[in-house]
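First the structure, in the form of structure tokens, and then the observations on it.
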Amino acid sequence: FCFLHGFDVEEDLVGNLASMSTNERIKAIQKLPETMRKRREIRNKVLKEITKKSRHRGAHPSCCAQCLQGAAVSFRRFGNTLSEYFHHLRIWHKTLKIIGAEFGTSVLSYFVFLKWLLNFNLFSFLVNFGFITIPQFLAAEPNNLSFTGLELLTGAGYFQKTVLYYGFYTNATISKIENGPSYNMQLAYIFTVGIYFVICFFILLFSMAKSFYRNFINPQEYSGNASKLLCTWDFNITNEKAVKLKQKNLSTQIKEAITEINKEVLDFSVMERVCRTAVHLLTWAASLGTAAAACAGVYFLSINNLELFMKGQRNDLESQAAMLVLPVIASLLNTLIPFLFSWLGHLERFQTPGQHIYVTITRVIILKMSIVGILCYYWLNIVATSESQCWETLVGQDIYRLVLVDFIFCLLGSFFGEFLRRIIGTTVCVSLGLPEFDIGRNVLDLIYAQTLTWIGVLFSPLLPGIQMIAFLIVFFVKKVSLMRNCQPPRKVWRTAQMMTSFMFLLFCPSFLGVLSVIGVTVWRLKPSEGCGPFRGLSSMYAAVSEWIQMLESYTASKWVVWIYHNLITSELFFFILSSIVLILTYLYWQIIQGRKTMTKRLHEQLIN
């Protein structure tokens with residue numbers, strides 16, 4: 001009887017849902033207190049019911065109408081099935097949940113940031129491959145160089161005559177059909193790179209603003225923590241593993257919230273404050289001195305590297321090994337010195353783990369960006385004015401080696417910094433215990449790698465694809481190393497603003513610094529005479545100027561010429577645009593401050 005009663009209730013539910021509009025039906029199904037599998041069954045029954053009603057409604061529907069209805073239902077079911085399969089293909093969805101439950105939001109923020117960079121490089125690769133590389137395949141000349149395998153490490157040899165580097169791309173207009181449509185490779189190259197950086201700018205800006213809005217202007221900031229206890233459990237969870245995972249996640253969130261509430265403000269004596277200030281000054285002096293010494297070493301090594309390269313490009317083992325000296329030393333410095341900075345941070349004995357991480361990040365970003373700045377000076381002022389036949393390809397090869405060796409050192413850092421540290425802490429010196437995941441050092445490794453990729457896009461268009469594969473491997477290696485070698489942070493703390501800080505560091509100084517390097521390369525430096533799409537021009541930007549001059553003779557293209565002269569090359573336009581942006585930013589900031597004040601007052605009223 002109970003079974004029949006339940007069956008009648010379900011029939012009534014399906015009938016009611018079938019009579020609703022599409023939007024109302026979707027919302028009603030989402031609100032049902034049932035498992036996802038049960039909801040899908042009800043949705044499929046509703047679709048069948050709608051199909052039956054539509055057939056009965058028309059006494060003799062036409063064959064065309066039946067075909068359209070059947071196709072619509074089939075397409076809808078196919079779309080639902082496809083979305084379910086895509087949901088299962090999100091390989092990191094479960095991984096991120098486990099990491100958040102076991103290690104808290106501080107460690108989780110690193111993996112969320114890594115996943116975001118992975119998607120970002122996928123977009124970059126598709127853009128460059130679609131608009132630059134595929135057209136070049138149509139005009140590509142055969143590669144007569146032999147492949148030895150060493151090219152995978154050095155990026156030289158066989159790869160010089162492939163689409164991997166700038167020098168291989170033609171400056172001709174590609175046309176496979178006589179009197180048919182043509183493809184100007186010069187314009188395609190510069191516009192693709194230019195529009196790509198504009199899109200990157202807006203993606204970073206909106207991502208940073210969205211993260212800032214979520215974490216700094218949080219509407220739940222004054223709502224209390226009782227909701228975490230009473231209102232966050234999902235009663236649709238029935239799987240035992242999922243229940244345990246959800247329990248761990250909630251437990252970690254509550255611990256973080258309690259730790260933030262119970263923060264202790266230590267009151268130091270005058271002598272203790274003087275000692276702490278002296279320790280801070282000494283550690284900062286040691287950090288800045290180490291960074292300056294590392295930059296000097298990279299600069300002199302880069303000069304020596306160019307001399308070795310200009311003496312003769314041999315394919316013997318000694319010549320190939322000489323090419324790897326600069327990237328190996330640079331990556332070695334970038335790997336070892338952050339360990340020193342982390343150790344100095346422990347000597348300073350900060351009150352919270354957040355202070356330790358942010359200070360370490362600041363020191364490491366100074367080191368890494370200084371090294372990148374020295375390398376950019378070397379590429380733009382020394383390599384670009386050298387006697388090399390194709391200095392752009394030479395720069396692309398340097399960046400390829402730096403990216404590859406940095407990836408190898410990142411994997412070695414997980415082995416020596418976490419695996420061997422776990423062995424020592426569990427067998428040799430038990431008092432050390434398991435290591436903690438170093439968030440600051442690992443995040444700065446990602447930002448350094450992404451900075452190199454952005455610089456290399458102009459000289460090696462397929463570099464984002466290589467970095468995408470590297471990030472994918474790093475994601476799973478770091479995940480395994482974290483689970484097997486590391487322990488959760490000893491001091492649980494909430495890091496709502498961590499992701500916003502990562503985005504800000506990626507935007508400034510990383511992305512803005514890259515824009516300045518690309519700007520100097522495009523507007524100031526003369527391209528190589530014998531290679532690349534801009535050979536024979538005074539600068540890469542001269543290709544755009546010549547195109548505009550050509551358009552001036554066509555009446556239909558006058559609007560393009562007007563936009564170029566009155567907007568793109570006008571300082572007044574950018575001054576007015578900047579002023580409007582600043583005014584809007586100020587107004588929006590005032591609105592935010594007003595909302596925060598109102599939220600505080602409402603919270604006080606609730607307490608009263």
Figure the gain on full extension for MET483 and LEU582 (residue separation times 0.36 nm, minus the Cα-Cα span) and round it to one decimal in nm. 31.1 nm
Starting from the Cα of PHE350, step 7 Å along the direction of its Cβ; do the same at LEU138; then give the gap between the two resulting points in nm. 5.4
If you count, for each residue, the other Cβ atoms within 10 Å and average over each peptide, how do 576-582, 391-397, 189-195, 17-23 line up from highest to lowest? 391-397, 189-195, 17-23, 576-582
Restraint check, LYS161/LYS210; LYS161/LYS479; LYS161/LYS526; LYS38/LYS478, Cα-Cα greater than 31 Å: LYS161/LYS210; LYS161/LYS479; LYS38/LYS478
Distance between modelled label sites at LYS210 and GLN389, nm, 7 Å Cα→Cβ extension: 4.7
Order 514-522, 439-447 from most to least packed using the mean count of other Cβ atoms within 10 Å. 439-447, 514-522
Stretched fully, the stretch from GLU11 through GLU24 gains (0.36 nm per residue minus C-alpha distance, one decimal, in nm) 2.9 nm
If I model a spin label as a point 7 Å beyond the Cα along the Cα-Cβ vector, how far apart are those points for CYS508 and ILE473 in nm? 3.6
Per residue, how many Å² of accessible area does the range 270-386 show with a 1.4 Å probe? 50
Carbon plus sulfur, as percent of the 1.4 Å-probe accessible area of the range 270-386, comes to 69
Area projected by the alpha carbon convex hull of the range 270-386, averaged over all directions, nm²: 8.5
Putting +1 on Lys and Arg Cβ atoms and -1 on Asp and Glu Cβ atoms, find which of ALA542, THR585, CYS486 reaches farthest to the positive end of the dipole of the range 465-585. CYS486
FRET efficiency estimate (nearest 0.05) - Cβ-Cβ, ASN608 to LEU122, R0 60 angstrom: 0.70
In nanometres, the difference between 0.36 nm per residue of separation and the alpha-carbon distance of ARG37 and THR597 is 197.2 nm
Residues whose placed amide H lies under 5 Å from that of GLU34, excluding near-sequence neighbours: none
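The values are calculated or read from the model by the stated rules, or taken from the named source; none is laboratory data. Treat the numbers as computed from the prediction; the structure is a model and nothing was measured. Neighbour counts run over all protein chains shown; Cβ positions are idealised from the backbone, glycine included. To get the accessible areas, we keep the full protein, side chains included, count just its heavy atoms, and leave off ligands, DNA and RNA. Shrake-Rupley method; radii C 1.70, N 1.55, O 1.52, S 1.80 Å.
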